[in-house]
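What follows is one structure encoded as structure tokens, with my remarks underneath.
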Amino acid sequence: MRSKHKEQERDNVLSSLKKGQCGCVHKMLLDEDIKRRLQDIGLTEGTTVECVQKSPGGDPTAYLIRGAVMALRVEDASKVHIIKSK
């Protein structure tokens with residue numbers, strides 16, 4: 001049985017966004033090298049991100065980040081915690 005807290009955490013990560021949904025980055029729990037690369041392209045705490053396209057297999061997913069579309073693997077997107085927009 002999963003705890004409600006764990007389910008809420010899983011539901012509030014970047015990879016949980018559906019096409020057209022937006023969220024604001026809350027924290028990034030990534031290895032330093034990938035975290036640095038994502039920060040270099042503008043993915044930082046407080047950034048609004050929109051899911052614009054999911055590939056047929058679900059991986060990778062395209063996100064609109066500060067005006068540019070970037071594809072991220074589910075493995076990485078699931079470590080970016082967000083606050084979903086209503």
Q) Could you give P(r) for the chain, binned at 5 Å from zero, as whole percent values over all Cα-Cα pairs? A) 3, 16, 27, 28, 17, 7, 2, 0, 0
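About the Cα centre, and with charges only on the beta carbon of Lys, Arg (+1) and Asp, Glu (-1), how big is the dipole of the chain? Nearest 20 debye, please.
Details: 16 positive and 12 negative charges, 74 e Å.
Dipole about the Cα centre, nearest 20: 360 debye.
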Q | Cα-based Lys pair tally, the chain, threshold under 15 Å, eight or more apart or on separate chains | A | 11
Q: Scan around VAL13 for amide H atoms under 5 Å from its own, H built in the peptide plane at 1.01 Å from N, and keep only partners 5 or more places away or cross-chain.
A: ILE82
Q: Taking only protein heavy atoms into account and a 1.4 Å probe, give the accessible area per residue of the chain in Å².
A: 66
Q: Would you pull out the residues with amide H under 5 Å of GLN53's amide H, same chain only if 5 or more places away, H placed 1.01 Å from N?
A: ALA62
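The values are calculated or read from the model by the stated rules, or taken from the named source; none is laboratory data. Because the structure is predicted, anything quoted here is derived from the model rather than measured. Neighbour counts are summed over all protein chains in view; Cβ atoms, including those assigned to glycine, are modelled from backbone coordinates with ideal geometry. Surface accessibility is based on the protein's heavy atoms, side chains included, excluding ligands, DNA and RNA. Shrake-Rupley method; radii C 1.70, N 1.55, O 1.52, S 1.80 Å.
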